[in-house]
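Written below as structure tokens is the structure these notes are about.
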Amino acid sequence: MHTFTTVAAMQAEARRLKAKGQRLALVPTMGALHDGHLALVQEAKKHADHVAVSIFVNPTQFGPNEDFNRYPRDLGGDMQRLETVGCDAVFAPTVEEMYPFGQQDEAVWVTVEGLDDHLDGPMRPGHFRGVTTVVAKLFHACQPDVAVFGQKDAQQLAILRRMTRALLFPVQIVGLATVRDADGLALSSRNRYLTADERAQAPVLHRALQRIEARVAEGERRTSALIEAGRSEIAAAPLARIQYVAVVDAATLAPVETLAPGQKALAALAVHFGTTRLIDNVSLSVPA
Ligand code: PAF
């Protein structure tokens, strides 16, 4: 497995692969890799000859009161995990390499308006602008033919799909279903912040989403009733503090009042356990 730390070296590697007619897949990550990331690598291998994983804790997508400084960093452990799934290359640049003019004074941003008006957007001002900016930079640095992202960050995935199409990046975006622990908790690098008691209660996120899915299957179409069903499930976990439970249209991410026949929607939620914020979502398909 090759490691590249500069944009120039990574671009040279991409050019070398393209000259040989080989396809390159990129799995962008912030490290602290878990089985969900390894599943993204396995998926990436189906779409390309070579897989590169970027490991970069991107400062511009963290708010001033968020966990940038304590975000788990374990490059050695990450490399070992990537070896086990046959990853070909790691791109692990420094902040200075990715933000040569300084991260906050850069004044060069990629923004996708509208899709960040809902869900996490208002809760994390500037977050998605940081994500789209760094992923655009990663696309320039790695020049992938395909990039793979997890459906757990459904809003991020929708925004990155829009950015990729709108800016004509020649990159195919692949979304992969959320990987969960046996008790339903979606795998996340932030799960390691949870205390034992919080971890024991955290599967309530998935149970709440399953309850919403079940109500839809029973014929409930009023999203106020669906949201209430999700909220009351979470209320059974005393350590959980709900930030939002929402049902939105899958394409626009705008809230929906009544699910229409044939509509594709998303039930999404954000819940705090102590200082840890967890998100999760499920797709809802309403029969035509
Ligand atoms: O999903 C993540 O880990 C990050 O938001 C990403 C896409 C790697 C950009 O920093």
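The values are calculated or read from the model by the stated rules, or taken from the named source; none is laboratory data. Treat the numbers as computed from the prediction; the structure is a model and nothing was measured. Methodologically, a virtual Cβ is constructed for each residue, glycine included, from the backbone with ideal geometry; neighbour enumeration extends over all protein chains shown. Heavy atoms of the whole protein, side chains included, go into the accessibility calculation; ligands, DNA and RNA do not. Shrake-Rupley method; radii C 1.70, N 1.55, O 1.52, S 1.80 Å.
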*When residues of the stretch 122-132 are limited to those that are in contact (Cβ under 8 Å) with a residue 24 or more places away in the chain and part of a helix (DSSP H, G or I), the one farthest from the ligand (Cβ to nearest atom)*: Met123
_Condition met for Val135 (touching a residue at least 40 places away in the same chain (Cβ under 8 Å), within 12 Å of the ligand (Cβ to nearest atom) and either surrounded by 19 or more Cβ atoms within 10 Å (Cβ to Cβ) or assigned to a loop (DSSP other than H, G, I, E, B) (or both))_ = yes
*Output the number of residues of the stretch 38-87 satisfying the condition of being away from the ligand (no atom under 13 Å from the Cβ) and touching a strand residue (DSSP E or B) at 6+ places or on another chain (Cβ under 7 Å).*
13
*Given (1) touching a residue at least 60 places away in the same chain (Cβ under 8 Å); (2) more than 28 Å from Asn65 (Cα to Cα); (3) not β-branched (Val, Ile, Thr), number of the condition Ser232 does not satisfy*: (1)
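Which of the residues that make up the stretch 140-153 are more than 10 Å from the ligand (Cβ to nearest atom) and open to solvent by less than 10 Å² (accessible area, probe 1.4 Å)?
Ala141, Cys142, Pro144, Val146, Val148
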*Does at least one position in the stretch 161-181 carry a residue that is within 24 Å of Ala44 (Cα to Cα), open to solvent by less than 10 Å² (accessible area, probe 1.4 Å) and either part of a helix (DSSP H, G or I) or at pLDDT 95 or above (or both)?*
yes
